[in-house]
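> For reference, the structure I am asking about is given below.
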Amino acid sequence: MASISKEKTGWRVQIAIQGVRESRTFATKGEANAWAAQRETEIRTEKATGVQRGRTVDDAFRRYEKEVSVHKRGHEKEAIRLAAIGRMSVDGVPLADWKLADVTPEVLGKWRDMRLKGTEAKNFEDKVLGSSVNRDLNLLSHVFSSAVKEWKWIAKSPTTDVRRPADPPPRDRLYSEDEVERLCAALGIDVDQAEPVESATQRVGIAFLFAIETAMRAGEICGLRPEHITGRVATLLETKNGTKRAVPLSSRAAALLQLLPAPEDGGTVFGVTSASLDALFRKARTRAMIADGTFHDTRHLAITRLAKKLNVLDLARMVGHRDLRQLQVYYNESAADIAARLD
């Protein structure tokens, strides 16, 4: 039973229940009674279910980083994503400051809509696609599920009943032969490059052509080391899906590797980081006057070309797709080209 007394500063209420003692002061006796009743109910519920109402979203993010993210590849990027999500405000309060027990599907629905629409403060230029929102919702779902099942901080994940936005159509950007030539020129090489290269920009050019030959991702190419290459096979120890993959090299791909300077002891074959490759490629794209291309679009071109040479099972194994349906995202040959092969 709560104890309420009148003091100079207002009505002071004290509760002592199941080993928990708390007190607060209110302007009116009615407010004191209401708080006491609500708080006693919360304490009983916490004791019965293990739910800890005082925990915040930031508490959950920090524990998730230490216990879950740390075991993932790229956990540094996930920590950055969690921090960015935590800074986003709902009803004027950063999500990180919300009490876990107060985060409802309605709250996350407001967060979702704000991401899709953007904010007035940034002239709505910070809006994102539904696929980005869904990736963040997947991460939040894992955090909240951990808070429910392992930590017993909340009784139910609020992401369960949140409507997911529709994903946009898969990107189908396919470089033309002219664009490949212009990008190569901007990177200081020729499409049929046969002379050794030296500069970092030229090495990115060789990486660009190598990606078109192999369908390897930028990170896989930048992480390639001399000991990973045996004959005409490149073994990738770390890939996007976390499994090792052996990539067969065409004669052209093998020849491109011979144009690179010898790597330093312990260095990588291409001698550039993913960040450097991205920055140098963006500059070259601007010089080539190509507005919307990315380095990753080489994967679309590579798979479209390789599909003419390999059967679907060999192709899936080479590019690292366990689900054959994923190949449809990258295979972008036009209907006109397919029709020409029917003659």
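> Does ARG164 qualify as being surrounded by fewer than 16 Cβ atoms within 10 Å (Cβ to Cβ), in contact (Cβ under 8 Å) with a residue 12 or more places away in the chain, touching a His at 6+ places or on another chain (Cβ under 9 Å) and part of a loop (DSSP other than H, G, I, E, B)? First the steps, then the outcome.
Working: surrounded by fewer than 16 Cβ atoms within 10 Å (Cβ to Cβ): yes; in contact (Cβ under 8 Å) with a residue 12 or more places away in the chain: yes; touching a His at 6+ places or on another chain (Cβ under 9 Å): no; part of a loop (DSSP other than H, G, I, E, B): yes.
Against the criterion (surrounded by fewer than 16 Cβ atoms within 10 Å (Cβ to Cβ), in contact (Cβ under 8 Å) with a residue 12 or more places away in the chain, touching a His at 6+ places or on another chain (Cβ under 9 Å) and part of a loop (DSSP other than H, G, I, E, B)), ARG164 does not qualify.
> Given VAL107, VAL143, which one is touching a Phe, Trp or Tyr at 6+ places or on another chain (Cβ under 6 Å), assigned to a helix (DSSP H, G or I) and not assigned by TED's automatic domain parsing to the domain that holds ARG39? Spell out the reasoning first.
Working: VAL107 fails: touching a Phe, Trp or Tyr at 6+ places or on another chain (Cβ under 6 Å).
Going through VAL107, VAL143 in turn, just one is touching a Phe, Trp or Tyr at 6+ places or on another chain (Cβ under 6 Å), assigned to a helix (DSSP H, G or I) and not assigned by TED's automatic domain parsing to the domain that holds ARG39: VAL143.
This table checks each residue for (1) charged (D, E, K, R); (2) without any contact (Cβ under 8 Å) to a residue 24 or more places away in the chain; (3) at positive phi.
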residue	(1), (2), (3)
VAL93	no, yes, no
LEU108	no, no, no
TRP111	no, yes, no
LYS117	yes, yes, no
ALA121	no, yes, no
ASP126	yes, yes, no
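> Please find, among THR201, THR160, the residue that is farther than 26 Å from LEU306 by Cα, of a type in the set (Ser, Thr, Tyr) and not assigned by TED's automatic domain parsing to the domain that holds LEU277.
Details: THR201 fails: not assigned by TED's automatic domain parsing to the domain that holds LEU277.
When all the criteria are applied, what remains is THR160.
For every residue, the table says whether it meets (1) small (Gly, Ala, Ser); (2) modelled with pLDDT of 85 or more; (3) exposed (fewer than 12 other Cβ atoms within 10 Å of the Cβ).
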{"residue": "VAL272", "(1), (2), (3)": "no, yes, no"}
{"residue": "LEU277", "(1), (2), (3)": "no, yes, no"}
{"residue": "LEU280", "(1), (2), (3)": "no, yes, no"}
{"residue": "ALA284", "(1), (2), (3)": "yes, yes, no"}
{"residue": "ALA288", "(1), (2), (3)": "yes, yes, no"}
{"residue": "THR304", "(1), (2), (3)": "no, yes, no"}
{"residue": "ASP314", "(1), (2), (3)": "no, no, no"}
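> Among residues belonging to region 230-251 that are without any contact (Cβ under 8 Å) to a residue 40 or more places away in the chain and within 14 Å of LEU306 (Cα to Cα), point out the one that is farthest from the chain's Cα centre (by Cα).
This residue is SER251.
> To continue, here is another question. Can you list residue pairs whose Cβ atoms sit under 9 Å apart, with the first residue in region 20-36 being free of Cβ contacts under 8 Å to residues at least 60 places away in the same chain and assigned to a helix (DSSP H, G or I) and the second being among the charged types (D, E, K, R) and surrounded by 13 or more Cβ atoms within 10 Å (Cβ to Cβ)? Count only pairs 6 or more apart in sequence or on different chains.
ALA32/ARG12; ALA32/ARG24; TRP35/ARG24; ALA36/ARG24
The values are calculated or read from the model by the stated rules, or taken from the named source; none is laboratory data. Predicted model only: the values in this text are computed from it and were never measured. Methodologically, a virtual Cβ is constructed for each residue, glycine included, from the backbone with ideal geometry; neighbour enumeration extends over all protein chains shown.
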